[in-house]
Amino acid sequence: MEPFIRHTGVVAPLDRVDVDTDQIIPKQFLKRIERTGFGQFAFFDWRYNEDGTPNPEFELNRPGYEGASVLVAGRNFGCGSSREHAPWALEDMGFRTIIAPSYADIFFNNCFKNGMLPVVLPEATVNEIMARAKERPGYQVTVDLEKQTVEDEEGLVAPFDVDPFRRHCLLNGLDDIGLTLQHADEIAHYEQKRSPLLPVTAG
Amino acid sequence: MSAQPKMLFEKIWDAHVVHEAPGEPALLYIDLHLVHEVTSPQAFDGLRLSGRTVRRPDLTVATMDHNVPTWDRKLPITDDVSRQQMETLARNCEEFGIPLYDLHSDKQGIVHVIGPELGLTQPGLTIVCGDSHTSTHGAFGALAFGIGTSEVEHVLATQCLQQAKPKTMEVRVDGRLGRGVTAKDVILAIIGRIGTAGGTGYVIEYTGEAIRSLSMEGRMTVCNMSIEAGARAGMVAPDDKTFAYLEGRPHAPQGKAFERAVDFWRTLPTDEGASYDRVEVFDAGEMAPHVTWGTNPGMVVPVTGRVPDPASFAEDADRRATKRALEYMGLKPGTAIEDIPIDRVFIGSCTNARIEDLRAAAAMIHGKKAHPSVYAMVVPGSMPVKFQAEAEGLHEIFKTAGFDWREAGCSMCLGMNPDILKPGERCASTSNRNFEGRQGKGGRTHLVSPQMAAAAAIAGHFVDIRKWEN
C-alpha cells in the first residue's frame with residue numbers, strides 16, 4: 001500500500017450530508033472484477049447527463065475543480081453498502097484524502113485499507129473549508145498526517161485526531177495481512193483450542 | 001461467582017480475541033465467512049498476487065445472489081459482465097476449495113437468508129461477509145458485521161480480522177406491537193428516531209418484550225437494518241425460539257451435541273447488572289406501520305403521517321437534504337402518505353423475503369387482485385423459501401392476484417440484475433435502502449413491511465393496514 005504522509009491539493013466541495021456509497025459508485029459498475037478503473041464511474045448519476053455529457057449542475061463539474069485531490073463533504077459520508085468500490089472510485093478519480101465531520105463505519109475503514117486518509121474535523125471547520133473552496137475554485141489545503149493538521153495559505157490550521165495504529169499503518173504503507181501473519185503462532189494456538197462442536201461449511 | 005457481569009457482545013468478543021496489545025486493534029478470530037460474487041473477486045486476486053491461500057475453506061461458504069437473474073434459471077444469462085463475475089466466483093471457489101451454492105443449486109439464495117437456513121448461523125459465533133447487511137445474523141446472538149473487500153482478503157488469508165472494540169447500545173422496545181405493526185416498522189421507527197448515523201461506532205443489542213415476542217424471521221429483519229442506523233452490528237440474545245429454529249438444520253449440531261450446544265448458548269445472554277454505553281427505549285404500543293418518504297431510511301413517518309416540509313427542520317443541512325429528497329421523490333410537502341400512488345411493488349431482499357414474510361404478504365391479498373396500474377413482483381430470499389412457499393400454495397395466491405413469482409436473489413433491492421425501476425417509477429419495497437437510484441436510476445423507493453407492500457399493490461396507493469379487511 002502507498003504510504004500517506006502529507007498531501008497538498010485542490011479542494012472539491014460536495015456540500016451534501018449522508019452521501020451514500022450508491023451515489024459514490026452506482027451498482028451497475030460493481031460487476032467488474034478488477035480493482036482499478038472505477039474513477040470514470042464515480043458519482044455517475046449526479047455527474048453525467050442522460051447522453052453521457054458532464055452535468056454542469058453537479059458541484060464537482062464546475063470550473064476550477066479539475067484535478068482536485070481533496071474532497072470535502074457533509075456529515076455521515078459514505079453511508080450504506082460495504083462496497084470497497086467506493087474508495088477505489090474516489091481514489092481513481094484523483095482523491096487522496098477526504099475531509100468531513102463524520103463518516104459511516106465501513107467506508108471509513110475501507111479508506112485506510114487503500115492508503116486514503118478520511119480526516120474528521122468539527123462541522124464548523126468543515127463548513128469553513130467548504131465555503132472557501134466554493135468561493136475560490138482552485139483553493140488548496142495541505143493535509144499532514146505526521147503533524148495531524150489541515151492547513152491552508154490563509155492561516156487556517158485545523159488539528160485532527162486519528163487512531164494511532166491507523167496513522168502508523170498509513171504513514172508506513174503497511175500491509176494488514178502481513179501484520180496479522182506475524183501472529184500466526186497465536187492464530188494456530190487459538191484454532192487448537194476451538195470447540196469441535198463449531199460448524200463447518202462443507203457437506 | 002462474583003465475575004464481572006458481561007454483555008452478550010462482550011462474551012463473544014472476549015472469546016474470539018487471538019491477540020491484543022495496547023494501542024492496537026484486537027485480532028479477532030472469525031468462525032464463519034460468507035462470500036458472494038460482487039465483493040470477492042478482487043480479494044481472491046489479491047491472494048494470488050501475494051502467493052497466499054485460503055486458511056480455512058471449511059469455515060467459508062459462497063453463494064451467488066447479487067447479480068443473478070430471477071427469471072427461468074435454464075435460460076442463458078444475457079448480461080456478459082454479470083456472467084463473468086459469477087463464473088469468476090465459481091473458479092475461485094474451485095481453486096481454493098470453498099463450498100459454493102451456485103445459480104443451479106436448490107439451496108441458492110441471498111447470503112443472509114441461506115446462512116441461517118443451513119444452520120451455519122449460530123449463537124456465539126463471529127460472522128463476517130463483504131456485505132453490510134451481514135448484521136442480519138446477529139438475530140441469533142452472533143456477532144456479525146459487514147466488511148470491505150480488503151478485509152475479505154484478510155479473512156480469507158488469516159481467518160482473523162483486526163477490529164477496534166465498538167461501544168455498546170441497548171435498544172429496548174417495551175410493550176406489545178399492535179395488529180399490522182411488524183418487525184420492519186420497529187426498525188424503521190428506531191432509525192427514524194436515532195437517525196442514519198445514530199448507531200455509528202456501536203453494536204446494538206435489541207431487548208425488551210416486543211423484541212422477544214418477534215419470530216426469528218422478525219428478529220432478522222430488525223438486525224438486518226442495524227446498518228441503516230449506522231451501527232456496526234445488531235444482536236438479539238438467543239432463547240428457546242433461536243434453539244427451536246436451529247434444531248435439525250443441516251449444519252446445526254445433532255443429538256447430544258445439540259443439547260451441549262444449547263447449554264452453552266444459554267450462557268450467552270447479557271448478565272444482570274451489565275451496563276451499556278448508551279440506552280434507547282421505545283414503546284411498541286406507540287408504533288404504527290411506517291413508510292419512508294425520502295432518500296435514506298431515516299426519512300420515515302407513520303402511514304398516518306404526511307410528507308414533511310423542508311422548512312420544518314431546524315438545521316440548514318437538513319432543510320437542503322429534505323428539499324433535494326422531495327425533488328428526487330417527486331413529492332410535495334404536506335401530502336398524506338396514504339394519498340401517494342405507486343407503480344411498482346417489490347417483495348424481496350435479505351430484509352423481508354423469508355417464508356414468514358411471504359405468508360404475511362399472501363394473507364393480505366388472498367382473493368384480491370393487484371391494482372391495474374401496479375406491477376408487483378415477489379422474489380423469494382432463497383430457493384428453499386421458494387419451494388416452501390410453493391408447497392404451501394402461496395405462489396398461487398400471488399399469481400392469482402397478478403403478482404410476478406420469481407426465482408431467488410437480491411434482485412430489485414439493488415438492481416444489479418435486470419430487475420430495475422424505470423426513471424420516475426414509484427415503488428413500495430420491502431427492501432432496506434431508498435437511496436437515489438438504488439432500484440434503478442430515477443426510481444423512487446418507499447420502504448415498507450411485506451404486509452404494507454402487498455396492500456399497496458391492491459389499493460394502488462399506501463394504506464393503513466390496521467384497517468385492512470382480509
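The values are calculated or read from the model by the stated rules, or taken from the named source; none is laboratory data. Model, not experiment: these values are computed from the prediction. Note that each Cβ is placed from the backbone with ideal geometry, even for glycine, and that neighbours are counted across all protein chains shown. Surface accessibility is based on the protein's heavy atoms, side chains included, excluding ligands, DNA and RNA. Shrake-Rupley method; radii C 1.70, N 1.55, O 1.52, S 1.80 Å.
Overall shape: oblate for the range B:48-116, with the ratio a/c of the largest to smallest alpha carbon gyration tensor axis at 1.5 or above and b/c at least equal to a/b. Beta bridges from DSSP with both residues in the protein assembly as shown: antiparallel share about 30 percent, rounded to the nearest 5. Can you list the residues in the range A:182-202 whose accessible area drops by at least 20 Å² when all protein chains are present, compared with the chain alone? Use a 1.4 Å probe, heavy atoms only. In the range A:182-202, residues shielded by partner chains: A:His183, A:Glu186, A:Ile187, A:Tyr190, A:Glu191, A:Arg194, A:Leu197, A:Leu198, A:Pro199, A:Val200, A:Thr201, A:Ala202. Beta bridges per DSSP, both residues in chain B: antiparallel share near 25 percent.
Shape class of the range A:6-173 from the alpha-carbon gyration tensor: oblate, with a/c at 1.5 or above and b/c at least as large as a/b.
Simple spin-label estimate for A:His168 and B:Thr400 gives 6.7 nm between the two label positions (7 Å along the Cα-to-Cβ direction from each Cα). Of B:Ser349, B:Ser373, the order by accessible heavy-atom surface (1.4 Å probe, DNA, RNA and ligands excluded), from most exposed downward, is B:Ser373, B:Ser349. Distance from the Cα centroid of the range B:233-247 to that of the range B:321-363 is 29 Å (rounded to whole angstrom). Candidate cross-link partners of A:Lys134 among the lysines, defined by an alpha-carbon separation under 21 Å and a same-chain spacing of 8 or more, comprise B:Lys323.
A Förster distance of 51 Å, applied to the separation of the beta-carbon atoms of A:His189 and B:Ser275, puts the FRET efficiency at 0.95. Can you classify the range B:309-390 as rounded, prolate or oblate using the Cα gyration tensor, where a ≥ b ≥ c are the square roots of its eigenvalues, rounded means a/c under 1.5, and otherwise it's prolate if a/b beats b/c and oblate if not? Prolate is the answer for the range B:309-390, as a/c is 1.5 or above and a/b outweighs b/c. The average projected area of the protein assembly as shown, computed from the convex hull of its Cα atoms over all directions, is 28.4 nm². Say R0 is 30 Å: what FRET efficiency, to the nearest 0.05, do A:Glu135 and A:Leu179 get from their beta-carbon distance? Using R0 = 30 Å, I get an efficiency of 0.10. Rounded to the nearest 100, the interface formed by chains A and B buries 5800 square angstrom of accessible surface, both chains summed, with a 1.4 Å probe. Sorting B:Trp71, A:Trp46 by accessible area puts them as B:Trp71, A:Trp46; the probe is 1.4 Å, largest comes first, and only protein heavy atoms count. Phi angles across the range B:413-421 convert, under the Karplus curve 6.51 cos²θ - 1.76 cosθ + 1.60 with θ = phi - 60°, into 3J(HN,Hα) values of 4, 10, x, 7, 9, x, 7, 9, 7 Hz, Gly and Pro given as x. For A:Glu2, the solvent-accessible surface computed with a 1.4 Å probe is close to 120 Å², ligands and nucleic acids excluded. Sequentially through the range A:147-154, phi angles give Karplus couplings (6.51, -1.76, 1.60; θ = phi - 60°) of 7, 6, 9, 10, 10, 10, 8, 9 Hz, Gly and Pro residues having no value and appearing as x.
Output needed: percent of Cα pairs per 5 Å distance bin for the range B:358-412, bins running from 0 to the one holding the longest distance. With 5 Å bins starting at 0, P(r) equals 4, 22, 32, 25, 13, 4, 0. Modelled spin labels at B:Asp318 and A:Tyr48, positioned 7 Å past Cα toward Cβ, are 3.7 nm from each other.
Annotation: lysines with alpha-carbon distance below 19 angstrom to A:Lys113 (same-chain offsets under eight excluded): B:Lys165. Most simply put, chain A has about 50% antiparallel DSSP beta bridges, counting only bridges with both residues inside it.
Probing with 1.4 Å while keeping every protein chain in the model, the per residue accessible area of the range B:244-356 equals 46 Å².
The value given for the range B:407-465 is a Kirkwood hydrodynamic radius of 11.6 Å, derived from the mean inverse Cα-Cα separation. A:Tyr103 contributes about 10 Å² of solvent-accessible surface, heavy atoms of the protein only, 1.4 Å probe. In terms of accessible area, using a 1.4 Å probe and ignoring ligands and nucleic acids, A:His7, A:His85 rank largest first as A:His7, A:His85.
Paramagnetic label reach from B:Gln254 (point 7 Å along Cα→Cβ; backbone nitrogen cut-off under 13 Å): within the range A:188-203, residues A:203. Computed with a 1.4 Å probe over protein heavy atoms only, the accessible area of A:Ser102 comes to about 40 Å². Within the straight-line cut-off of under 19 Å between alpha carbons, the lysines reachable from A:Lys27 are B:Lys422, B:Lys441, sequence neighbours fewer than 8 places apart in one chain being disregarded.
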